[in-house]
Amino acid sequence: MLIKIGFRGGGSVYELGTDSDMQLFFDCISYYVLPKYPDQNWSIITDRLYRRYLKLEELDAAVALMKLVEKEFKQLDREAFDWSKILSGQVKSDLDRTKSNLFEIFGEYFEAFYECIECAIRNYKWFKSDPDYKYQPVMVAYTTIPDLITYKLIPLSVFDNLQPDEKPIWWTGKIPKTTT
């Protein structure tokens, strides 16, 4: 069974596609958007969201950056990147390459991201007075059952301790054995 990847946050989970699709989303951000806005703190998207998780205090900045990504993706034709690996079957993909631009191709990614942000904030506001409540961060995660359940058990410290040269856990296909 193919493991699916998506966004989760605040108790919400959105399945979006394959790990290759998610990687392509972030590759497009890095290639097309970062160079146009070099003064922005892109590590919130390219490190925190891509490899780790978004802390509560990072959510507003992440939304502002994702709005810039949306703006740029709306201007990029679907032929902006090379589809050959997908077309040849070298990588599995759920993306609809018939859409006219990158924003339409990755439209569900934006919707899911914003929904997870809203859910994380809403849950925090509702439950922060409960001493047992723990903020449910926004992150890229496995969304296929039972992998989603196991992924949720990974301590945030495992994500925090990823080294700069390490790939995100969702991209490696391996859930660390440190889950409890």
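No lab work stands behind these numbers, since they all come straight from the coordinates. Quick caveat: nothing in here was measured; it's all calculated off a predicted structure. Cβ sites come from the backbone with ideal geometry, for glycine too, and all protein chains shown count toward neighbours.
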Ignoring everything except DSSP H segments at least 4 long, calculate the 222 nm mean residue ellipticity for the chain; use -39,500 (n - 2.57) per segment, divide by total residues, nearest 500. -11000 deg cm²/dmol
The answer for Gly17, listing residues at least 5 apart or on another chain whose modeled amide H is closer than 5 Å to its amide H, is Ile5
Among residues other than Cys119 whose Cβ falls under 12 Å from its Cβ, what is the net charge (Lys/Arg +1, Asp/Glu -1)? +1
Multiply the residue gap between Gln75 and Asp94 by 0.36 nm, knock off their C-alpha separation, and tell me the result in nm, one decimal place. 4.7 nm
Enumerate the calculated ³J(HN,Hα) couplings along region 110-119 in order (Karplus 6.51 cos²θ - 1.76 cosθ + 1.60, θ = phi - 60°), each rounded to whole Hz, writing x wherever the residue is Gly or Pro. 5, 4, 5, 4, 5, 4, 5, 4, 4, 5
Euclidean distance between Cα centres, region 124-138 to region 41-119, Å: 27
What's the tally of Lys pairs in region 5-172 whose alpha-carbon atoms lie under 17 angstrom apart, where the two lysines are 8 or more places apart or on different chains? 11
Considering only the other residues whose Cβ falls under 13 Å of the Cβ of Leu49, what net charge follows from Lys and Arg at +1 and Asp and Glu at -1? +3
Place +1 on the Cβ of every Lys and Arg and -1 on the Cβ of every Asp and Glu in region 60-180, take the dipole about the Cα centre, and give the residue among Leu95, Tyr114, Thr150 whose Cα lies farthest towards its positive end. Thr150
